[in-house]
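For reference, the structure discussed in these notes is given below.
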Amino acid sequence: MTAEETPAISVEVRDLVKRFGAFTAVDRISFSASRGEIMGFLGPNGAGKSTAIRILCGLLRPTSGSVRVAGYDVATDADAVRQHIGYMSQKFSLYNDLQVAENLRFFGGLYSVPRNIIDERIEAAIQMAGLAGHEHDMTGTLAGGWKQRLALGCALLHRPSILFLDEPTSGVDPISRRTFWDLIHDLAASGVTVIVSTHYMDEAEYCNQLALINRGRIVALGSPAELKTHLRRGALLLVKCQPLGPALEALEQNPDVLDAAVFGNALHLTVRDADRAIASIPQFLADHHVQSIELKEIPPSLEDVFVELASAPPAANEARAP
Amino acid sequence: MGIAEASAPAVRAEGLLKRFPGVTAVDHLNLEVHPGEIFGLVGPDGAGKTTTMRMLAGVLSPDEGSATVAGFDVVRDPEGVKNHISYMSQRFGLYEDLTVDENIRFYADLFGLGRREREEHAARLLKAAGMAEFRDRIAGKLSGGMKQKLGLTCALIHHPRVLLLDEPTTGVDPVSRRDFWQILYSLLRENVTILISTAYLDEAERCSRLALLFKGRVMLCDSPDELKRRMRGTVLIVPSTRAREVHEVLANAEGVSSSVLVGDGVHLVVDDAPRRIAQFRKQLEAASIPFDSIGASEPSIEDLFVAYVQAQH
């Protein structure tokens, strides 16, 4: 397929619902991912990420709503969908007692890669994964980061146009993780659409677009930078002061402070109005015999945004109801 | 404990070494944790965190070196250690078919606590954990985050002086993770010393001090602020819709020691921020690549980790 023939939207989900008995695992989610985009599903365990991804892969039928992947409807054309997607999970399903090249050959057979091109594809996968010279190593003896790149090579042997990654770098050391994400960005640049599910906030930073998922719903959708630009309730302040305990107790009673929490050797405050709080808090602390050392507004992390959205009542969704 | 011992380190390890067939899991590790600290053992899988924890808890003997925890020698007096500390492993032994209350009672009995002391302490701990209304729930029916909090409650029931927590927040949702840390901070007021291990580098920021572990060794050990101060260079963030091209142009530019492509831009570690910002602007404009305003940011613990490992190779 050439670039001209490939539709710009490679995954389109409209009002997707999945119920298991009385339990709604996925609750009316809608989004679309363009060709070459890296889209992240960020949410806690049990939020509905895996269920949504299994539906997108054509492994589970939706209760209602429409899902088109690579131009095919997953409800009616699940087989066609599966030919166009690759899948790699956190528990890379590699055979530890096979050699690197043998694992690739095995997955090539599984994905029905034609025999006349399999050697070429295996060679390409080894080059991409940086495993040249290790073709005959036992897979079980590879370090975590190497195994992960081999698993990626296996998932790409049939040249899928959409790649699903399920917590691909949990527990992997930061250097291997950066190498892995460089590969993913290369793939995206070559036109592969990547859908990642993760509960690691720092893995989410590598995505172009993020859907924060909680209790089966998308509670926010945007680029990491867009999501971090504002907390719905106000601003985040960092306060370095001594002693911390009395400062926390006092600030919890301050009407300008919506939330106060210890964070390492400092406090994080959520306030309605940053300027007003920055002007008034030093005197407030002095009145409570606390010496303030530093007070400044800091950008919220993805975790701050997530915690705020997940702990607040689902107002946005409720408000839509008639 | 004598008065002389009161200011002694809560945890001290000297030259701890543990080999398993084919691998040195912990390699001459030195640590000193002061009373009332939250000290983090931070590193990726396989760095030696769990092996270190198990040796400090007195459940695994070191091949070399020595350690004391709460004043007790882990090799000569592992029972003394076990009575004065609490060790919560990744697979903490909760009884899934018992209720929350029954689990707590089980651990209280194990440490010989009286009924009244148990009741008072359990009520306080459960309230702090936000679990007071779940006392009759079967442990197996709790969410992952709630199970962790119940594990912590059980681990604290006998008033340990030192708490060893091995990756308690792995796989826990962000809201429960935050609650869990607030409980840990509240324990500091009772002068409990906490040694916690984690593979989440962002969690390192929450510790009073931390040791960055890699391949069984302590790479760096200090407070998060101090570690960042020691890192040479500044992190610049260049937001761009064409991040990939930015990365290609700037990765090998003068003064850049690392360049990472993220979802909506590029993170670069540079030697001299004002100078490089001006230089990057020129380079990107010359290449006609659009970009938003370039900003400086504090390095993260991950930036530090990567810079340190790369400097060694």
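Values quoted throughout were computed directly from the atomic coordinates according to the rules given, and no laboratory measurement underlies them. Small disclaimer: the values here were computed from a predicted structure and weren't measured. So basically every Cβ, Gly included, is an ideal-geometry build from the backbone, and we count neighbours across all protein chains shown.
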### Query
How would you rank B:55, A:128, going from fewest to most other Cβ atoms within 10 Å of each one's own Cβ?
A:128, B:55
## Note on the structure
For residue B:28, the residues 5 or more places away or on another chain with a placed amide H closer than 5 Å to its own amide H are B:17, B:18
### Task
May I ask you to order B:36-43, B:288-295 by the average number of other C-beta atoms within 10 Å around their residues, highest value first?
B:36-43, B:288-295
### Query
When chain B is modelled as a GNM with alpha-carbon springs shorter than 10 Å, which of B:163, B:210, B:220 fluctuates the most?
B:220
### Query
Peptides A:294-307, B:166-179: what's the order by average Cβ count within 10 Å, highest mean first?
B:166-179, A:294-307
### Query
Which residues' amide hydrogens lie under 5 Å from the amide hydrogen of residue B:266, considering only partners 5 or more residues apart or on another chain, with H built in the peptide plane?
B:238, B:240
### Query
Put +1 on the Cβ of each Lys and Arg and -1 on the Cβ of each Asp and Glu in the stretch A:9-228; which of A:140, A:163, A:76 then has its Cα farthest toward the positive end of the dipole?
A:76
### Message
Just to confirm a number: summing +1 for Lys and Arg and -1 for Asp and Glu over residues other than residue B:46 whose beta-carbon lies under 11 angstrom from that of residue B:46, what do you get?
### Response
0
### residue A:77 versus residue A:116: modelled label distance in nm, points set 7 Å from Cα along the beta carbon direction
2.7 nm
### Summary
In whole Hz, the Karplus estimates of ³J(HN,Hα) for the stretch B:111-118 (6.51, -1.76, 1.60; θ = phi - 60°; x where Gly or Pro) are 9, x, 7, x, 4, 5, 4, 4
### Hydrodynamic radius by Kirkwood, which averages 1/r over all alpha carbon pairs of the protein assembly as shown, in angstrom
26.6 Å
### Query
Once amide H atoms are placed 1.01 Å from N in the peptide plane, what residues at a sequence separation of 5 or more from residue A:210, or on another chain, have their amide H within under 5 Å of its amide H?
A:40, A:222, A:223
### Summary
Quick calc of log₁₀ I(q)/I(0), the stretch A:235-299, Debye, one scatterer on every Cα, no solvent, q values 0.15, 0.17, 0.22 1/Å, result -0.35, -0.45, -0.80
### Query
Can you give the % of DSSP beta bridges in the protein assembly as shown that are antiparallel, to the nearest 5?
65 percent
### Summary
Stokes-Einstein D for the stretch B:96-235 (10 °C, 1.306 mPa s, Kirkwood Rh from Cα pairs), in µm²/s, comes to 96 µm²/s
### Query
If you count, for every residue in B:242-254, the Cβ atoms of partner chains within 10 Å of its Cβ, what is the mean?
1
## Note on the structure
The local net charge around residue B:265, scoring Lys/Arg +1 and Asp/Glu -1 for residues other than residue B:265 whose Cβ lies under 14 Å from its Cβ, equals -3
### Message
What does the C-alpha gyration tensor say about the overall shape of the stretch B:3-227? Classify as rounded when a/c is under 1.5, otherwise prolate if a/b is larger than b/c, or oblate.
### Response
prolate
### Message
How large is the Rg to Rh ratio of the stretch B:195-313 when both quantities use alpha carbon positions and Rh follows Kirkwood?
### Response
1.02
### Summary
One would report the antiparallel percent of DSSP beta bridges in the stretch A:9-228, rounded to the nearest 5, as 55 percent
### Inter-chain Cβ neighbour average for residues B:170-182, partner chain, 10 Å
6
### Query
What list of ³J(HN,Hα) values in whole Hz, one per residue of the stretch B:192-206 in order, does the Karplus curve 6.51 cos²θ - 1.76 cosθ + 1.60 (θ = phi - 60°) give from phi, with Gly and Pro shown as x?
7, 9, 10, 10, 10, 10, 7, 9, 7, 5, 5, 6, 4, 4, 8
## Note on the structure
Final fewest-first order of A:134, A:185 on the 10 Å Cβ neighbour count is A:134, A:185
### Message
Of all beta bridges DSSP finds with both residues in chain B, what is the antiparallel percent, to the nearest 5?
### Response
65 percent
#### Entry: Mean projection area, nm², convex hull over Cα of chain A
20.8 nm²
### Query
To the nearest whole percent, what portion of all C-alpha pairs in the stretch A:58-145 is separated by more than 19 angstrom?
52 percent
### Query
Among A:93, A:280, A:66, which one moves the most in a GNM of chain A with springs linking Cα atoms closer than 10 Å?
A:280
#### Entry: Shielding by partners - mean other protein chain Cβ count within 10 Å, residues of A:172-179
6
### Note, ³J(HN,Hα) from phi for the stretch A:99-108, Karplus 6.51, -1.76, 1.60, rounded to Hz, x at Gly and Pro
6, 3, 5, 5, 4, 4, 5, 4, 5, x
### Query
Fewest first, what order do A:284, B:214, A:20, A:164 take by the number of other Cβ atoms within 10 Å?
A:20, A:284, B:214, A:164
### Summary
In debye to the nearest 20, the charge dipole size for the stretch A:235-299, taken about the Cα centre with +1 at each Lys and Arg Cβ and -1 at each Asp and Glu Cβ, equals 140 debye
### Task
Could you size up the charge dipole of the stretch B:52-173 around its Cα centre, putting +1 on the beta carbon of Lys and Arg and -1 on that of Asp and Glu, and report it in debye to the nearest 20?
360 debye
### Message
Is there a quick way to get the dipole size of the protein assembly as shown? I mean about its Cα centre, with the Cβ of Lys and Arg at +1 and of Asp and Glu at -1; what is the value in debye to the nearest 20?
### Response
900 debye
### Message
Give me the one-decimal nm value for the distance between modelled label points at residue A:249 and residue A:141, 7 Å along each residue's Cα-to-Cβ direction.
### Response
6.1 nm
## Note on the structure
Most fluctuating of B:69, B:100, B:238 in the GNM of chain B (C-alpha, under 10 Å) is B:238
